[in-house]
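Engineer: This structure is in structure tokens; I'll ask about it shortly.
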Amino acid sequence: GDTEFVIDGETFKNDVIQLMFVIDTTGSMGDEINYLKSEVNDIISQVKQEFANSTIELAIMLYRDLHDQYVTKYSDFNTDIVAQQSFLSVQYADGGGDFPEAVDTAMLEAASKQWSEKAKTKILVHVADAPAHDALVNKWSTATNILASKGVRIITVASSGIDKKTEYFFRSQCMITGGKYVYLTDDSGIGNSHLDATVEVQPTVEYLNSCLVRLIKGYHTGTFEEPIYYGQEQ
């Protein structure tokens, strides 16, 4: 509202964008993973083109569930985008079984990584279609609060197969960190049928690439461009 805060002292932030993709790689996520394999490089390229003088550090966290081939697999923050693309290119969807996955473990690990205190922009993009196990939701909440305390914003990309409870959890982590809830629609042609989000006003359907680039640019500059309907893009 009208509350005004005066903060003594100066602050300095390096022109660095730290971007971490946290990706559910269980069996139901095959189409989404294949999409990311081919499009992450395009997303980063567009951001680099817009901010030629900025340093972009990319990290990738993959996760499945307990008793799978792995619970988490991680490639740390790196300016070598080609190397990160290579890491992602050999990944595949498998495991899972039941609906919930090891979201809590992945997000707690993500929160513990080397997020810079001086980076201007810190964003975690969580691509998933399932929540944590009910008994472990508190750990997920703890991870969200840690990320918020570090100034990391969460953009959730809700994929096919989520339910309303999952939407609630995903929206909560976005709201707590000042991020955005993004969800795939049946327009995408990716995955199975998609749950319509609970919204009062139907949002503009845009290409996922364009949406993520728009949000990253917005958080880096403080100014958000209007979304462009996917049928209008050239």
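The values are calculated or read from the model by the stated rules, or taken from the named source; none is laboratory data. The structure presented is a predicted model; accordingly, all values stated were derived computationally and were not measured. We place every Cβ from the backbone using ideal geometry, glycine too, and count neighbours over all the protein chains shown. Calculation scope for accessible area: heavy atoms of the full protein, side chains included, ligands and nucleic acids excluded. Shrake-Rupley method; radii C 1.70, N 1.55, O 1.52, S 1.80 Å.
Engineer: Could you please find all residues in the range 108-125 being open to solvent by less than 10 Å² (accessible area, probe 1.4 Å) and farther than 12 Å from Val152 by Cα? Spell out how you get there, then give the answer.
Structural biologist: Initial filter on the range 108-125 (open to solvent by less than 10 Å² (accessible area, probe 1.4 Å)): 110-111, 119, 121, 123-125.
Answer for the range 108-125, where residues must be open to solvent by less than 10 Å² (accessible area, probe 1.4 Å) and farther than 12 Å from Val152 by Cα: there is none.
Engineer: Would you pick out the residues in the range 6-45 that are of a type in the set (A, V, I, L, M) and open to solvent by 60 Å² or more (accessible area, probe 1.4 Å)? Write out each step before concluding.
Structural biologist: Filtering the range 6-45 down to residues of a type in the set (A, V, I, L, M) leaves 6-7, 16-17, 19-20, 22-23, 29, 33, 36, 40, 43-44.
Within the range 6-45, Val6, Ile7 qualify.
Engineer: Return the pairs, sorted by first residue and then second, in which the second residue is among the charged types (D, E, K, R) and part of a strand (DSSP E or B), the first residue lies in the range 140-157 and is within 16 Å of Gly218 (Cα to Cα), the beta carbons are less than 6 Å apart, and the residues are 6+ apart or on different chains.
Structural biologist: Gly151/Lys122; Val152/Lys122; Ile155/Lys180
Engineer: Quick one: how many residues across the range 35-55 are without any contact (Cβ under 8 Å) to a residue 40 or more places away in the chain and within 18 Å of Cys211 (Cα to Cα)? Step through it out loud before you land on a result.
Structural biologist: So in the range 35-55, the residues without any contact (Cβ under 8 Å) to a residue 40 or more places away in the chain come out as 38, 44-45, 48-49, 52-53.
Now restrict to residues that are within 18 Å of Cys211 (Cα to Cα): 38, 44-45, 48-49.
Total satisfying the criteria: 5.
Engineer: List the strands (runs of 3 or more DSSP E) that sit entirely inside the range 5-78 and contain at least 1 residues that are among the basic types (Lys, Arg) and under 23 Å from Leu108 (Cα atoms).
Structural biologist: Working: elements: 14-24, 55-63, 72-78.
Per the criteria, 72-78.
Engineer: Residues in the range 149-168 that are over 22 Å from Val47 (Cα atoms) and open to solvent by 40 Å² or more (accessible area, probe 1.4 Å): how many?
Structural biologist: Going through the range 149-168 one residue at a time, the tally reaches 7.
Engineer: OK, next. For the range 1-35, give me each residue that is of a type in the set (Phe, Trp, Tyr) and either in contact with a Ser or Thr (Cβ under 9 Å, 6 or more places away or on another chain) or modelled with pLDDT of 90 or more (or both).
Structural biologist: Of the residues in the range 1-35, the ones of a type in the set (Phe, Trp, Tyr) are 5, 12, 21, 35.
Correct list: Phe21, Tyr35.
Engineer: Please enumerate the residues belonging to the range 88-118 that are part of a helix (DSSP H, G or I), at pLDDT 95 or above and in contact with a strand residue (DSSP E or B) (Cβ under 8 Å, 6 or more places away or on another chain). Give the derivation first.
Structural biologist: Going through the range 88-118, the residues part of a helix (DSSP H, G or I) turn out to be 88-89, 103-112.
Applying the additional criterion that residues be at pLDDT 95 or above yields 103-112.
Those that are part of a helix (DSSP H, G or I), at pLDDT 95 or above and in contact with a strand residue (DSSP E or B) (Cβ under 8 Å, 6 or more places away or on another chain): Val103, Asp104, Thr105, Ala106, Met107, Glu109, Ala110.
Engineer: Name every residue in the range 126-148 that is open to solvent by 60 Å² or more (accessible area, probe 1.4 Å) and among the small types (Gly, Ala, Ser), in order of residue number.
Structural biologist: Of everything in the range 126-148, just one residue is open to solvent by 60 Å² or more (accessible area, probe 1.4 Å) and among the small types (Gly, Ala, Ser), namely Ala135.
Engineer: Right, here's the next one. If you check every pair at least six apart or on different chains, which have Cβ atoms under 8 Å apart with a residue in the range 63-84 that is under 21 Å from Ala119 (Cβ atoms) first and a residue that is open to solvent by 40 Å² or more (accessible area, probe 1.4 Å) and part of a strand (DSSP E or B) second?
Structural biologist: Pairs found: Phe77/Glu57; Asn78/Glu57; Thr79/Thr55; Thr79/Glu57; Gln84/Asn78.
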